[in-house]
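Below you'll find the structure, written out as structure tokens, and then a few comments.
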Amino acid sequence: MYQYDDIDQQLVEERVAQYRDQTRRYLNKELSEEAFLPLRLQNGLYVQRHAPMLRIAIPYGMLSSVQLRTLADISQRYDRAYGHFSTRQNLQLNWPKLETVPDILAELAQVQMHAVQTSGNCIRNTTTDQYAGVIKDEIVDPRPYCELIRQWSTFHPEFAFLPRKFKIAVNATESADRAATQVHDIGLHIKKNEAGDIGFKVIVGGGLGRTPMVGVTITEFLPREDLLTYLDAILRVYNQQGRRDNKYKARIKILVKALGIDEFRQRVEAEWAHLRGKESTVPMSEFDRLSRFFTEPEYQVLEDQPNILTTKLAESAGFARWYQRNTFEHKKSGYRIVTLTLKKPGQAPGDATAEQMIKAADLADQYSFGELRVSHEQNLVLADVRQDELINVWEAAKEHGFATPTLGLLTDMICCPGGDFCNLANAKSIPIADQIQDTFNDLDYLYDLGDIDLNISGCMNACGHHHVGNIGILGVDKKGEEFYQISIGGASGHDASIGKILGPSFGQEQISDIIQKLMNVYVEHRTEEEKFIDTYRRIGITPFKEAAYAKAH
Amino acid sequence: MPKLIKNGEIVDNTYVWLKDSEQDVVANAIVPAKKWLDEQDQIGEVAGIWLDAGDGVESLQGIDLSQFAVIGIYFPVFVDGRGFSYARLLKERLNYQGEIRALGHFIPDQLGYLLRVGFNSFQFNEDVDLEKALALHKPFSVAYQGDTAEPKPMFLRR
């Protein structure tokens, strides 16, 4: 993974000093509440319901075991010994003290981490596929490009006070889009053209929140050397022309929609004409430099399906189930990608205790070259596990609560912290996740239902990505009472779509019952090969709606 | 005389900022760009013009900007970042070489970014301790991106 040189290190250390001084001046009342707000947000610090929340960047999801142990340690000493992995490859601490944040940042800087631009109206942490670099059908490893974007966006002097937040995600495979790139302000799809040159299909104007939209293609193939000048052009048009009069209409998606993609493209291209080929054009030497940080680890030459694996799979139904759901094909024979799920019943989705973090770091050291990844689905990933060691990893993962073999199933929910923690939330989301986990606890039934994305957000800001869940649950407030609106048919992959609202919202206690009714409709109508989303797309919303609102006899 | 920060020093403000287009134009005035564009024949020589947020720089294309000693850019609120692009475009696109002055509601903590996009003078609206503001002038000694002072990004200098 990327290693800081003196320049990178100097920058994060100067950032710590700057933020320490800002905090000091705020506490001395030299800096007003109003002035401090965007400054602390640009450093990931929200003030939440009970305490501040600090969002730490895990750039494009890459984490070393040393870094994860530091996060565990920080959570023990400055917080309540746990953290929440978010959908955009960040770690959130829910209980740090505002006064101690500069010290936390200083400790993070020691392991090449930071909280730069994890919030605020600026360019946020760039995200990508958690399987980057280890899957078979990848066009090229997206991580050097993500690092290029990270550096370009870090303290970009022109784009620190945008109309609204700005999120970029990168995908590099044809077969899947695990980073939900089409619902980002900019989605980049790495491509190779007929000449074999690497470039990007650029998608712009996607996003969730109050006005969910799937992005549209602005260019089919942007040569990679032009990436930064093109991004500068898009951001410059947005910075000047995006709406600033209404925060709910300030995202780039609203500008793109209002102008239409053709007019928006024309404005970007007009700006780009001035920038193309200039200093920010990325030279080959920089791609080479960045790629050198993402070379393959020392893989052994191994056979697929070694005896010990096939024997154990035959012996243990539990292991076989975990293998089937929670591990994924690796590009190298004899290896497998393992997901350590953070979806244990009774624990909020994406939450990990300090103990779990330490254990995951140990597992990474022991079985996966000391590296981990964080996924959009709020799980941890060991990318390079030998197949003959999977049984050991499973045993250890089980012991520490991250072997729930439900990856991709109904109970592998995405969920925001909700009203239990967040100031913005209209309703709690974690109790809904608990309820669903309690109700749908029969693994055989879950396996029979197959792949279903269920996403829960506590408010319209959609941190839980409810719009793009096959089933989406949104907390709403009705005269001070918490209700939940259910939508179906959303998707976040290459087939991205925004879900449709089923109808009037439901009370908290009804949710599992309604989900059960939706599942019954699916089971009744599905053909053998159909996933939930396929059946929905074939039969439409009506049968689901009828079942959900049918009067009990 | 009121003070401001210019080229890294605290100096007297020798210009008169005409915030309101109804005010009388004097020779050392910084007049609204819109007013100057409409009435340039009557206005005569001035110190410079200023852009409001939303004005953009397109209307200044084709105008000899070297006649202005100063071009101001107004921040209606400090989180309105349009002025950052305007300054950069003035310098890099319209090749303006004179003083670029931040006016209005920006804050000292933005000075680092403002300097990098081409501003070199800062006339604060609020009562700001200029000595303390100067100390925030340059929070970072390195930068990844090119800017108006150093057009080459870090990857060309590493």
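Points to keep in mind about this one:
- Residues of the range B:100-158 satisfying the condition of being buried (at least 19 other Cβ atoms within 10 Å of the Cβ), over 19 Å from the mean Cα position of the chain (by Cα) and of a type in the set (S, T, N, Q): B:Gln145
- Candidate set: the range B:134-158, residues that are part of a loop (DSSP other than H, G, I, E, B), in contact (Cβ under 8 Å) with a residue 12 or more places away in the chain and more than 7 Å from chain A (Cβ to nearest Cβ); chosen: the one farthest from A:Thr229 (Cα to Cα): B:Leu136
- Residues (of a type in the set (Val, Ile, Thr) and assigned to a strand (DSSP E or B)) located in the range A:45-87: A:Val47, A:Ile56
- Test for A:Leu162: is it at the interface with another protein chain (Cβ under 9 Å from one of its Cβ atoms), at pLDDT 95 or above and assigned to a helix (DSSP H, G or I): no
- The listed residue being within 30 Å of B:Leu156 (Cβ to Cβ), small (Gly, Ala, Ser) and either more than 14 Å from chain B (Cβ to nearest Cβ) or exposed (fewer than 13 other Cβ atoms within 10 Å of the Cβ) (or both), out of A:Ser280, A:Ser291, A:Ser285: A:Ser285
- Pairs where the first residue, in the range B:3-17, is among the polar types (S, T, N, Q) and the second is in a strand (DSSP E or B), C-beta under 7 Å, 6+ apart: B:Asn13/B:Lys3; B:Asn13/B:Leu4; B:Asn13/B:Gln123
- Considering residues of the range A:60-90 that are touching a residue at least 60 places away in the same chain (Cβ under 8 Å) and among the aromatic types (Phe, Trp, Tyr) only, the residue surrounded by the fewest Cβ atoms within 10 Å (Cβ to Cβ): A:Tyr82
- Entry remark, the range A:359-393: residues being part of a helix (DSSP H, G or I) and over 19 Å from A:Gln67 (Cα atoms) number 7 in total.
- Subset of the range A:234-250 that is in a helix (DSSP H, G or I) and more than 11 Å from chain B (Cβ to nearest Cβ) - its residue that is surrounded by the fewest Cβ atoms within 10 Å (Cβ to Cβ): A:Tyr248
- Here A:Leu390 fulfils each of the conditions (1) in contact with a Phe, Trp or Tyr (Cβ under 8 Å, 6 or more places away or on another chain); (2) modelled with pLDDT under 95; (3) in the same structural domain as A:Phe319 (by TED's automatic domain parsing) apart from (2).
- Within the range A:30-44, if we keep just the residues that are in a helix (DSSP H, G or I) and not charged (D, E, K, R), the residue that is nearest to A:Tyr19 (Cα to Cα) turns out to be A:Leu39.
- Test for B:Ile71: is it of a type in the set (A, V, I, L, M, F, W, C), farther than 21 Å from B:Lys138 by Cβ, surrounded by 15 or more Cβ atoms within 10 Å (Cβ to Cβ) and out of contact with any Asp or Glu (no Cβ under 8 Å at 6 or more places or on another chain): no
- Summed over the range A:436-448, residues that are part of a helix (DSSP H, G or I), crowded, with 17+ Cβ neighbours inside 10 Å and in contact with a helix residue (DSSP H, G or I) (Cβ under 8 Å, 6 or more places away or on another chain) total 2.
- Of all the residues in the range A:149-159, those that are at the interface with another protein chain (Cβ under 8 Å from one of its Cβ atoms) and at negative phi number 7.
- Leading residue by the ranking (surrounded by the fewest Cβ atoms within 10 Å (Cβ to Cβ)) among those in the range A:391-417 that are of a type in the set (A, V, I, L, M) and touching a Lys or Arg at 6+ places or on another chain (Cβ under 6 Å): A:Ile391
- Any hit, the range A:41-59, residues being within 12 Å of another protein chain (Cβ to nearest Cβ) and in contact with a strand residue (DSSP E or B) (Cβ under 9 Å, 6 or more places away or on another chain): yes
- Of the residues making up the range B:87-104, those that are within 12 Å of another protein chain (Cβ to nearest Cβ) and either modelled with pLDDT under 95 or in a helix (DSSP H, G or I) (or both) are B:Ala87, B:Arg88, B:Leu89, B:Lys91, B:Glu92.
- Filtered residues of the range A:1-29 (kept if more than 9 Å from chain B (Cβ to nearest Cβ), assigned to a helix (DSSP H, G or I) and of a type outside the set (D, E, K, R)): A:Gln9, A:Val12, A:Val16, A:Tyr19, A:Thr23, A:Tyr26, A:Leu27
- Comparison of A:Asp513, A:Asp495 shows that the only residue that is among the acidic types (Asp, Glu), assigned to a loop (DSSP other than H, G, I, E, B) and surrounded by fewer than 21 Cβ atoms within 10 Å (Cβ to Cβ) is A:Asp495.
- Entry remark, the range A:97-139: residues being assigned to a loop (DSSP other than H, G, I, E, B), touching a helix residue (DSSP H, G or I) at 6+ places or on another chain (Cβ under 9 Å) and surrounded by fewer than 21 Cβ atoms within 10 Å (Cβ to Cβ) number 3 in total.
- Tally, over the range B:74-86, of residues that are surrounded by fewer than 23 Cβ atoms within 10 Å (Cβ to Cβ), at the interface with chain A (Cβ under 8 Å from one of its Cβ atoms) and not aromatic (Phe, Trp, Tyr): 2
- A count restricted to the range B:105-133 and to residues that are of a type in the set (A, V, I, L, M, F, W, C) and not in a helix (DSSP H, G or I) stands at 7.
- Condition check for A:Lys253: touching a residue at least 60 places away in the same chain (Cβ under 8 Å), farther than 20 Å from A:Lys191 by Cα, in a helix (DSSP H, G or I) and away from chain B (no Cβ under 14 Å): yes
The values are calculated or read from the model by the stated rules, or taken from the named source; none is laboratory data. Nothing here was measured: the structure is a model prediction, and the numbers come from that model. Positions of Cβ are backbone-derived with ideal geometry, glycine not excepted, and every protein chain shown enters the neighbour counts.
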